[in-house]
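Data first, discussion second: the structure below is written as C-alpha cells.
No lab work stands behind these numbers, since they all come straight from the coordinates. Being a predicted model, the structure only gives us computed values, none of them experimental. Reconstructed Cβ throughout: ideal geometry from the backbone, glycine too, with neighbour counts over all protein chains shown.
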Amino acid sequence: MSFMSSPDFWIALSQIILINIVLSGDNAVVIAMASRSLPPAQQKKAIVFGSVGAIVLRVVLTFFAVYLLTLPYLKLVGAALLFWIGIGLLQSEDEEHGLEGHAGLAAAIKTIVLADLVMSLDNVVGVAAAAKGNVPLLVFGLVISIPLIIFGSTLILKLMDRFPIIIVLGAALLGWVAGEMAVSDPAIAGWVADRHALHTVVPALGAVLVVAIGKWLSGRRDQRREQLQQATQKQPAV
C-alpha cells in the first residue's frame with residue numbers, strides 16, 4: 001500500500017474522479033430513465049444493482065479500452081445501439097407504473113448495464129490515461145465513482161417526477177452522444193476531419209431523430225391501444 005503515500009497517486013486519483021463526474025452525467029440520465037417506471041422500492045434496487053454492475057463492466061472494459069477503440073467500426077456499432085436504447089426509453093415515457101416485480105426490475109438493470117457499457121467507451125479511455133497503468137489506482141478510482149453515479153441518478157429521478165420534459169431531454173441527450181460516438185470512429189475519422197461541421201450536425205441530428213422516432217412509435221402504440229379498446233367495447237357481452 002506504499003503507492004498510496006505518493007503525491008502522484010492522489011493527483012491521478014483526483015483526475016479519475018473528476019473524469020467520472022464530468023462524463024457520467026449521461027449515464028446517470030440512462031439509469032434514472034430506465035428505473036422511473038418501477039415502484040419506489042425497486043427503483044432503489046435498480047439504481048444500486050445497475051450502477052454496480054455497470055461499474056464492474058467498466059473496470060473490465062477499461063483494461064482493453066486503448067486497444068478496443070483503435071478498432072474500426074466499433075464506435076459506429078455502439079452509436080447505433082445507443083440510438084436504439086434512446087428510442088426505447090422514450091417510448092416507455094407514458095407506460096403505466098404497475099410493472100411486474102422481478103421482470104421489470106431485471107429489465108431495468110439490463111438496460112442500465114447495457115447503456116452504461118456503450119456510453120463508457122470514451123470515459124474509460126480518459127480513466128485509463130489518468131491511471132497510467134496503475135491497476136490498483138484504476139480500480140480504486142472506478143469504485144469511488146459508484147456513489148457519484150448513484151447520487152446523480154437518484155437526483156435526476158426525483159426531477160423527472162416533477163418535470164416530465166426531462167425524459168424527452170434525456171432521450172435527446174442519448175441521441176447526441178450516439179452522434180458524437182459515430183463521428184469519432186477510427187474508420188471514418190479521416191473523412192470527418194475534413195468536414196468539421198459534422199461534429200455538430202451529426203450529434204444534433206441524432207438528438208432530433210431519437211425524439212422524433214420515439215414519439216412517432218409511441219403515438220402509433222397509443223393509437224393501436226385505443227383501437228383495441230374500442231373494438232373490445234363494441235363486442236357484445238356474452
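Suppose each label sits 7 Å from its Cα in the direction of the beta carbon; what would the S6-V48 distance come out to in nanometres?
Spacing of the two 7 Å Cα→Cβ label points: 3.6 nm.
What's the local net charge at L228, with K and R +1, D and E -1, over the other residues with C-beta under 12 Å away?
Neighbour charge sum, excluding L228 itself: +2.
Compute the Rg/Rh shape ratio of the range 180-238: radius of gyration over Kirkwood radius, all on alpha-carbon atoms.
Looking at the range 180-238, the ratio lands at 1.45.
State, to one decimal in nm, how far the label point of A187 lies from the label point of V168, with both points 7 Å from Cα in the Cβ direction.
3.4 nm
Can you tell me the FRET efficiency between A41 and L159 if r is taken as the Cβ-Cβ distance and R0 is 25 Å, rounded to the nearest 0.05?
0.80
Spin-label point model (7 Å from Cα, Cβ direction): what's the T200 to A231 distance in nm?
The two pseudo-label positions are separated by 4.9 nm.
Taking a cut-off of 19 Å between Cα atoms, list the lysines near K110, but don't count ones fewer than 8 places away on the same chain.
Cα-Cα hits under 19 Å: K44, K45.
For L217 and K110, compute 0.36 nm times the residue count separating them, minus their Cα-Cα distance, and round to one decimal in nm.
36.3 nm
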